[in-house]
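Encoded as structure tokens, the structure appears first; notes follow it.
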Amino acid sequence: MTLADTLVYYYRRWRYRDKPLPKIDVPLRRTLPGWLLRLAAAALAMATPALAGYRSFLPIPVTAILIGLVGVWMLLRPGYAAATTSIGVAGVFLLISEGAPFQSVTPWVVAAAYLTLRLAMVAALLPWRSKAEIGALGTWRDLVVLGLSGLVGAVILLPGRPVGWVAVVGTAALLATGLILAGRNLRHHLATTPD
């Protein structure tokens, strides 16, 4: 900071000393507290690997410790790193379990992983004592992704049906949906980003 910047700073501080900022009231719809979103993110971060690891070959105490560490991390520092670690631990649990990796629980783990990631991203933006509007939390995109993954999971789990082609078609449909939605988000981001 140069001398001129310092002088301007002190002049403005002296000049506007008696002029407080105006108070603005903004009507909010129904809100959720930030601490509740953090608790929900931590619960989902623990539920995702727990759902995937209930049939893993790891001893139960090791599984419980890993799930607990992920939950504590998400509670204290929610965000992308904690969410992807939770999803990674769930993937490892799926790989080291009986019937790996195609189990009856896999579609539910995919849906829980998606919810974990979305909720962690929102919880990362909110301090403990803040509030978020309920309408700002969910989007149609989330419902589409969760609905498609649940539909694919239900079709795969139909008894007595060959599921090989259904799994391939369902995976391709989920991948195409994700790419379409990611492309729209990327185009929107590039259009609104200043040069």
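Just so you know, all these numbers are worked out from the coordinates, no wet-lab data involved. These numbers come from a predicted model, not from an experiment. A quick note on method: Cβ atoms are made from the backbone with ideal geometry, for glycine too, and the neighbour counts reach across all protein chains shown.
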Label-point gap, in nm, between Arg77 and Ala64 - each point 7 angstrom along Cα→Cβ: 2.7
Pairwise label distance in nanometres, Trp128 with Tyr9, each label 7 Å out on the Cα-Cβ vector: 3.1
Average silhouette area of the range 1-103, convex hull of alpha-carbon atoms, in square nanometres: 12.5
Efficiency of FRET from Cβ geometry, Leu146 and Leu36, R₀ 22 Å, rounded to 0.05: 0.60
Whole-angstrom Cα spans of the range 38-153 along principal axes, big to small: 42, 32, 16
Protection proxy ranking of 85-97, 105-117 - average other beta-carbon atoms within 10 Å, highest first: 105-117, 85-97
